[in-house]
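Asks: Questions regarding the structure given below will be posed in turn.
The values are calculated or read from the model by the stated rules, or taken from the named source; none is laboratory data. All values derive from a computational prediction rather than experimental measurement. No Cβ is skipped: glycine too gets one built from the backbone with ideal geometry, and neighbour counts run over all protein chains shown. Protein only, heavy atoms only, side chains kept; ligands, DNA and RNA dropped before computing areas. Shrake-Rupley method; radii C 1.70, N 1.55, O 1.52, S 1.80 Å.
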Amino acid sequence: MSAAVPKTFFLETFGCQMNAHDSEKVVGTLLGQGYLQVPTVEEAGLVLYNTCSIRDKAEQKVFHRLGDYKKLQKQGKQFGVLGCVAQQEGEKIFDRAPHVSLVCGSASYRKLPEMLVQIAAGNQRVTGLDDRETDECFETEFTARTNPHRGYITIIEGCDKFCSYCVVPYTRGKERSRTSDSVCGEARQMADRGYTEIQLLGQNVNSYKDPAGKMTFAELLTAVGEVPGIRRVRFTTSHPRDFGRDIVDAIDASAALCDHVHLPVQSGSDNVLNAMQRLYTRQQYLERIGWMKSAHRELSITTDVIVGFPGETESDFEQTLLLLKQVEFDAIFGFKYSPRPNTPSLSLENAIPDEEKSRRLRTLQEAQKAIQTSRHQRHVGRQVEVMVEGKNDVRGHWLGRTSQNKLIGFTVPDGSVPRVGSYVPVVTTVSFPNSLMGEMVL
Ligand code: SAH
Ligand code: SF4
Ligand code: F3S
């Protein structure tokens, strides 16, 4: 009898950090089921895409991929679509791409082992589509983390905010948190394995509600920061409505909590915020910025902005530009509004033409570049602790991240070779709009 041929899989991930971390858990689950991960589609028996549908472009990517590889089905390969497009499009994917045999949304990943058995048995239409039903989080002991020093922990899944433009409440199910005991347990386990940085994840991480009623979000941050061995705690993404002053107090009180908050504003105009159903006003947003600006340590503040939402006037847009100048963000992620299936904003009138959206996006990015160019200069001459991430082999310098989440390239004294994952002191010598350069000091 010949030895059993191992079942192989290839997985490509699109989208946000939640998806990246889900993929680590999916990979862990497949390895736990005896599958072997391979680096190319060609080598794989099972080809999986963990997909994103936040904007139309993201969604189209997966259909392009599926189109590219359709012919490989004849070689006996099986295809699966996971993540947000899977949940959004459901069984329609089988019609559009008949070579797909698995469609599974993120709220059904805990059923993956059963679904894998069905696929291996040759079932052509296996689905896991929970659609806002489940109360459970995807907790698994099999998480194949890709970085040995810095790792994610999901603390809350789903979203109940229903911003009028957004697919997430439909693709990721209802908001549900893990217990603080379970989160702290995972943090301790990671620290035991040598992790020093933890990033707590959630679509709205600060809407966290401990099902055991033990800890608030700010208390959970503090508790994770107190886990022996953990030197850095980050959290993303925060929602302005649920952003309490206690989060800034927690950062003030604990050096392990990083000097960075990502707080998406989306627009600087109350009219647009209202039409987006964002649940806060410009003034309330600025109040939260005020708390952060008066923190004991200097916090880096980053945000997301959508331009060209239906009905956004020139003066609404100018309010956003004004807000950028007022806050002086350290970085922004700007997006053109993309109409999404099932969302209420689809029926809004006064759509903005694409060329105008592009113009606003360019204007936004130019304004922000000027702000970042001057704002980043404050780092020059300062000494900060940097987590070493690796070496830029082309340029010969090292790369790392500061507590403020800035990417910094640095040179090292002759003969010293910093260990990846270690923390070294670096003095910044030059600033660029998106990064810094410096010298490691001994
Ligand atoms: N939960 C987070 C954001 C999640 S999605 C929050 O509420 O802030 C990440 C970003 O994608 C959003 O902040 C928003 O700026 C952008 N985005 C979401 N839906 C979009 C759409 N339909 N068109 C363009 N950008 C969108
Ligand atoms: Fe989407 Fe709004 Fe939920 Fe963020 S809070 S995930 S933008 S619905
Ligand atoms: Fe995309 Fe889903 Fe994340 S839509 S941004 S992968 S939550």
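Asks: Determine, yes or no, whether residue 404 is within 25 Å of the chain's Cα centre (by Cα) and either among the aromatic types (Phe, Trp, Tyr) or assigned by TED's automatic domain parsing to the domain that holds residue 334 (or both).
Replies: When the stated conditions are applied, residue 404 does not pass them.
Asks: Which one of these is of a type in the set (Lys, Arg), without any contact (Cβ under 8 Å) to a residue 24 or more places away in the chain and closer than 30 Å to residue 403 by Cα: 278, 362?
Replies: 362
Asks: From the list 403, 431, exactly one residue is open to solvent by less than 40 Å² (accessible area, probe 1.4 Å), out of contact with any Gly (no Cβ under 8 Å at 6 or more places or on another chain) and closer than 17 Å to residue 197 by Cα. Which is it?
Replies: Values: 431 fails: closer than 17 Å to residue 197 by Cα.
Answer to the selection: 403.
Asks: Next question. Taking residue 310 and the conditions (1) open to solvent by 10 Å² or more (accessible area, probe 1.4 Å); (2) within 16 Å of ligand 3 (Cβ to nearest atom); (3) more than 28 Å from residue 421 (Cβ to Cβ), which numbered condition does it fall short on, given that it satisfies the others?
Replies: All conditions pass for residue 310, except number (2).
Asks: May I pose another question? State the number of residues belonging to segment 194-215 that are touching a residue at least 12 places away in the same chain (Cβ under 8 Å) and either over 22 Å from the mean Cα position of the chain (by Cα) or in a helix (DSSP H, G or I) (or both).
Replies: Counting residues in segment 194-215 that are touching a residue at least 12 places away in the same chain (Cβ under 8 Å) and either over 22 Å from the mean Cα position of the chain (by Cα) or in a helix (DSSP H, G or I) (or both) gives 8.
Asks: Inspect all residues belonging to segment 313-335 and state whether any of them is touching a Ser or Thr at 6+ places or on another chain (Cβ under 7 Å) and more than 25 Å from residue 406 (Cα to Cα).
Replies: Yes.
Asks: What single numbered condition from (1) open to solvent by less than 10 Å² (accessible area, probe 1.4 Å); (2) within 16 Å of ligand 1 (Cβ to nearest atom) fails to hold for residue 198?
Replies: Single failed check for residue 198: (2).
Asks: Could you tell me which numbered condition residue 338 fails, if it satisfies all but one of (1) among the polar types (S, T, N, Q); (2) away from ligand 3 (no atom under 16 Å from the Cβ); (3) within 21 Å of the chain's Cα centre (by Cα)?
Replies: Unmet for residue 338, out of (1) among the polar types (S, T, N, Q); (2) away from ligand 3 (no atom under 16 Å from the Cβ); (3) within 21 Å of the chain's Cα centre (by Cα): (2).
Asks: Further question on the same structure: Against the definition (out of contact with any strand residue (DSSP E or B) (no Cβ under 6 Å at 6 or more places or on another chain) and more than 16 Å from ligand 3 (Cβ to nearest atom)), how does residue 61 come out, yes or no? So that I can check it myself, show each step before the final result.
Replies: On the way: out of contact with any strand residue (DSSP E or B) (no Cβ under 6 Å at 6 or more places or on another chain): yes; more than 16 Å from ligand 3 (Cβ to nearest atom): no.
Against the criterion (out of contact with any strand residue (DSSP E or B) (no Cβ under 6 Å at 6 or more places or on another chain) and more than 16 Å from ligand 3 (Cβ to nearest atom)), residue 61 does not qualify.
Asks: Let me ask something else about it. What's the number of the only condition in (1) closer than 28 Å to residue 334 by Cα; (2) among the polar types (S, T, N, Q); (3) at pLDDT 95 or above that residue 435 fails to meet?
Replies: (3)
Asks: Among the residues of segment 64-87, write down those that are touching a residue at least 40 places away in the same chain (Cβ under 8 Å) and open to solvent by 50 Å² or more (accessible area, probe 1.4 Å).
Replies: Across segment 64-87, the qualifying residue is only 65.
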